[in-house]
Amino acid sequence: MGKLGCRHNERGTYSMGIVNHKKTNLHGMTVHTIETKKYKTTSFILQVKEPINEKNVTKRALLAYVLQSGTKDFPSSKELRSALDDLYGATLNADLSKKGENQVISIRMEVANEKFLSNSEPVLDKAFHLLSQVLLAPPLEGDVFKEGIVKKEKRSLKQQIESIYDDKMRYANKRLLEEMYDTEPYRLNVYGNGDEVDSISSKELFDYYQEVIRNDKIDLYVIGDISTDEMVEKVSKHFRFSKDRKEDETKAVNARDEKRISEVKEIFEEQDVQQGKLHMGYRTYTTYADDDYFALQVFNGIFGGFSHSKLFMNVREKESLAYYAASRFESHKGAVFVMSGIETANYEKAVKIIKEQHEEMKKGNITDSEFEQTKAMINNQVLETIDHPIGLSEVLYHNVVAGTDRSIEEWMEGIKRVTKDDVVAVAKKVTLDTIFFLKGAGTNGNENV
Amino acid sequence: MGMKTFDQLDETLHYEELPNGLKVYVLEKKGFNKTYATFTTHYGSVDNHFKPLGKDENVKVPDGIAHFLEHKLFEKEHGDVFQDFSKQGASANAFTTFNRTAYLFSTTGDVKKNLTTLIDFVQEPYFTEKTVEKEKGIIGQEIRMYDDNPDWRVYFGLIENMYHHHPVKIDIAGTEKSIAKITKDDLYECYETFYHPSNMILFIVGPIDAKEILNFVKDNQSQKSFKEKEHIERFFDEEPQTVAKSKKVIEMTVQTPKCYMGYKEATPNRQGKELMKHELSVNLLLEMMFGKSSPNYETLYEEGLIDQTFSFDYTEENGFGFSMLGGDTRSPDGFVERISGMVEAFKQQSIDEGSFNRARKKKIGAFLRSLNSPEFIANQFTRYAFNEMDLFDVIPVFESLTVPDVEEVLQNHFKKEAMTVCQVQKKKS
């Protein structure tokens, strides 16, 4: 965690300009406080991280579902939800995401700021307590998770995994990752494997849970009209970890992408859909912590990140082949993904145009306006993202995942300094790895009465 | 220039109706980086039968034309307005609903420059045969994308079931066939009729000086001339209170079936406070019956009839209104049987004051949370204003609701004969 380390009760402040972000280490958890008056709510975001791995991936997904389904004091979903409603409709949800080769459980809670309520009820302290209970005092039956809850949440998780197939864009994306990273942990789906869900016992899940709260890296963000001192006091009061909690630092992922591509993998699958889904995966060999990360941001912006980008202009506006044609990138794995919905018959044409746009960038065919617009848009994007409490916490959490200590100002300065040559250099590193195409057979959606 | 303060919410709204009829609202949001502006016309997919401005004959226009117009307004003689925004560090977008078309941008940079671009591009149409033809391929792919989306199909299928004649049952984007007929002259005719400033609202929210922005807009508008404002005549066929179809099944390549149920509102002709009260009452009742803290939710979840995709909502606009409940389910028929049984059972019991208060607290909290979002404020304020409501009345109206209000809605809205079902089932191979 950079120069602020993991020692207890040490506090550091950075990025005082745009956001007032303070960090405090308490009981082996990092508490990030952001004091701001711009919201009508206070947000809490807990991030619990471990490297994604075959052994635990499904268990961890199930754990996220189970944790949001009750606590010791409110041992059913209904009771927990009633308690939240009484806190002026506080929201609570647990969610999973993959950040590079990490599987992160995010538990988010948002409560109304009591000053906007007619009868000023003290909701903040209660909210703090409830959140700590969700993480640290789950509903037990004997020494394990309540069986009834585990059973219900298994069903919900399986349905969640199955539903990926129903959303063809998500399905094609999942298939691309499975093919492209067939020997790397990044291939794993963040919700785990559907056929492993049933075999997880409450005992096994509970043992894993104990490992998680003992060893995982845990960060808590509190954002709102708060005072850091008060929050730190509340954390000390409510978040009581066991004494043997010690973050397992051997777990930090530092997976440099070294894989060289000799031949592009091309995978076709056919389904009864109206529109073909074209997904292409590129390796960039650059991640968040690297110096050329900013150039990669600009590369992606010019390539397909915006509505002035080469993909949108050529695939959609010039050729009318698609409604969407865009690229996005994953900061910690260092990958660029292109996606477009096209007529099945236009596959060759679309792939050719997309490849040409990449070639153009390698040759330095980037206009001044493409270059300047992209930088302006990236700047705009990051400022807009941090207007939202969750967006802000995500931007700050990048540093935790990457082991860096970059302020938002430094980040924006980094984008500003990128030159066209830097972008061309990145474009030359970016290499197409896999193309996945979900072909349409075209009779989807027959109606009958 | 008017000003309204909402002390409890710590918000001040500035507004003015300009001589050409345009209504402008400005909300200062200190501490935010972003300014967000929407320029919205009270015109959407349902407005397909009307009397064009300055003409005597009514016309019926092709399905999907409001949405088509939305796409085409971005194209100008000099190129694409999207590019102008992005050169100015703003991201632009637009969307079309049943009765609104909104153009918007957000920026952390030069607000005035982008505001000028927004107002001017919406007020200066440029349609040609060639650009209209080009768009047909793009929108065709947009339609296909939605055709493959089971959530959209089940949602829209439900609305189709409810209505015999009302054009709310027509897909907002139309079909590939209907958009093939659209010409540039059709677009101009719709534009002239519905994009008059008196039919539009401009809403700007962000870290700005409200008076300065209002004056800036006034200046812009005073330099342009518009036709005299006229009342717009729209025509709708008489809609029966019954549903057109009580059940529909759509087969798609999915693994988990989907089921939506809906109740059609019998008298969707409220406006103003009456509409707000009704809308909030139905939503509060839905929360009490099926919210996550309700016994019904627990039962449905335990029986595996719902999962986390389950949601519900009530919406009403002038001429149509419906509640819907649904999501992914293992047993679409079991879902319908259980939910309709629960609604009937609810009618038999008296409403519990405790759960009423809890649901209301939850709704008020959710509303406060929404006010963190400039997008929500601008879009919802506009929607409310077109229905003669004021977004900032939501909390007082919630606070004024009583158990009898909710009981009335329970008996009158959730009628068996007003119910319909749409399911997406796994395609048999």
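A quick yes/no check of all residues on (1) within 24 Å of A:Arg260 (Cα to Cα); (2) of a type in the set (A, V, I, L, M, F, W, C):
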residue: A:Lys333; (1), (2): yes, no
residue: A:Phe337; (1), (2): yes, yes
residue: A:Ser340; (1), (2): no, no
residue: A:Lys349; (1), (2): no, no
residue: A:Ile354; (1), (2): yes, yes
residue: A:Glu360; (1), (2): yes, no
residue: A:Ile366; (1), (2): no, yes
residue: A:Gln381; (1), (2): no, no
Every pair of residues 6+ apart whose Cβ atoms lie under 6 Å, when the first sits in segment A:123-145 and is free of Cβ contacts under 8 Å to residues at least 40 places away in the same chain and assigned by TED's automatic domain parsing to the domain that holds A:Glu211 while the second is of a type in the set (Val, Ile, Thr) and not in a helix (DSSP H, G or I):
A:Val123/A:Val111
Restricting segment B:349-372 to residues that are part of a loop (DSSP other than H, G, I, E, B) and touching a strand residue (DSSP E or B) at 6+ places or on another chain (Cβ under 9 Å), the residue that is nearest to B:Lys23 (Cα to Cα):
B:Leu371
Is it the case that segment A:411-431 has a residue that's assigned to a strand (DSSP E or B) and surrounded by fewer than 20 Cβ atoms within 10 Å (Cβ to Cβ)?
yes
Residue under evaluation B:Asp151, criteria (1) surrounded by fewer than 18 Cβ atoms within 10 Å (Cβ to Cβ); (2) closer than 30 Å to B:Glu239 by Cα; (3) within 12 Å of chain A (Cβ to nearest Cβ), criterion not met
(1)
So which helices (runs of 4 or more DSSP H) stay within segment A:122-190 end to end and still have 1 or more residues that are in contact with a strand residue (DSSP E or B) (Cβ under 7 Å, 6 or more places away or on another chain) and hydrophobic (A, V, I, L, M, F, W, C)?
A:123-136, A:168-180
Checking A:Val31 against (1) open to solvent by less than 10 Å² (accessible area, probe 1.4 Å); (2) in a helix (DSSP H, G or I), which single condition isn't satisfied?
(2)
Going by what's in this entry, would B:Asn379 be described as more than 10 Å from chain A (Cβ to nearest Cβ), touching a residue at least 24 places away in the same chain (Cβ under 8 Å) and open to solvent by 20 Å² or more (accessible area, probe 1.4 Å)?
yes
Give me a count of the residues in segment A:167-183 that are open to solvent by 30 Å² or more (accessible area, probe 1.4 Å) and farther than 15 Å from A:Val338 by Cβ.
6
Which residue is nearest to the other protein chains (Cβ to nearest Cβ), if the candidates are limited to segment B:353-365 and must be open to solvent by 30 Å² or more (accessible area, probe 1.4 Å) and without any contact (Cβ under 8 Å) to a residue 12 or more places away in the chain?
B:Lys361
Top-ranked residue in segment B:316-330 [being among the small types (Gly, Ala, Ser) and in contact with a Lys or Arg (Cβ under 8 Å, 6 or more places away or on another chain); ranked as farthest from the other protein chains (Cβ to nearest Cβ)]
B:Gly321
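Okay, residues lined up against (1) within 10 Å of chain A (Cβ to nearest Cβ); (2) assigned to a loop (DSSP other than H, G, I, E, B); (3) open to solvent by less than 20 Å² (accessible area, probe 1.4 Å); (4) at pLDDT below 95:
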residue: B:Leu275; (1), (2), (3), (4): no, no, yes, no
residue: B:Leu285; (1), (2), (3), (4): no, no, yes, no
residue: B:Tyr297; (1), (2), (3), (4): yes, no, yes, no
residue: B:Thr309; (1), (2), (3), (4): yes, yes, no, yes
Test A:Thr374 against the criterion of being within 30 Å of A:Gln47 (Cβ to Cβ) and open to solvent by 50 Å² or more (accessible area, probe 1.4 Å), and give yes or no.
no
Picked from segment A:95-121 (must be outside any loop (DSSP other than H, G, I, E, B) and open to solvent by 20 Å² or more (accessible area, probe 1.4 Å)), the residue farthest from the other protein chains (Cβ to nearest Cβ) is A:Lys99
Quick one: in segment B:1-20, of everything that is in contact with a strand residue (DSSP E or B) (Cβ under 7 Å, 6 or more places away or on another chain) and open to solvent by less than 70 Å² (accessible area, probe 1.4 Å), which residue is nearest to A:Phe116 (Cα to Cα)?
B:Glu11
Criterion first (open to solvent by less than 30 Å² (accessible area, probe 1.4 Å), modelled with pLDDT under 95, touching a strand residue (DSSP E or B) at 6+ places or on another chain (Cβ under 7 Å) and under 29 Å from A:Ile378 (Cα atoms)) does B:Phe85 satisfy it?
yes
Could you check segment A:208-233 and list, in sequence order, the residues that are open to solvent by 30 Å² or more (accessible area, probe 1.4 Å) and either assigned to a helix (DSSP H, G or I) or assigned by TED's automatic domain parsing to the domain that holds A:Asp290 (or both)?
A:Gln210, A:Glu211, A:Ile213, A:Arg214, A:Asn215, A:Asp229, A:Glu230, A:Glu233
Residues satisfying the stated conditions in segment B:385-399, i.e. more than 10 Å from chain A (Cβ to nearest Cβ) and either in contact with a Phe, Trp or Tyr (Cβ under 9 Å, 6 or more places away or on another chain) or hydrophobic (A, V, I, L, M, F, W, C) (or both)
B:Ala385, B:Phe386, B:Met389, B:Asp390, B:Leu391, B:Phe392, B:Asp393, B:Val394, B:Val397, B:Phe398
Please give the number of the condition B:His78 fails out of (1) surrounded by fewer than 19 Cβ atoms within 10 Å (Cβ to Cβ); (2) within 30 Å of B:Gln241 (Cα to Cα).
(2)
Would you pick out the residues in segment B:109-135 that are assigned to a helix (DSSP H, G or I) and within 15 Å of B:Ile213 (Cβ to Cβ)?
B:Val111, B:Lys112, B:Lys113, B:Asn114, B:Leu115, B:Thr116, B:Thr117, B:Leu118, B:Ile119
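The values are calculated or read from the model by the stated rules, or taken from the named source; none is laboratory data. Because the structure is a prediction, the values reported are computed rather than measured. All Cβ positions, even for glycine, are placed from backbone atoms using ideal geometry, and neighbour counts span all protein chains on display. Side chains included, ligands, DNA and RNA excluded: accessible areas come from the protein's heavy atoms. Shrake-Rupley method; radii C 1.70, N 1.55, O 1.52, S 1.80 Å.
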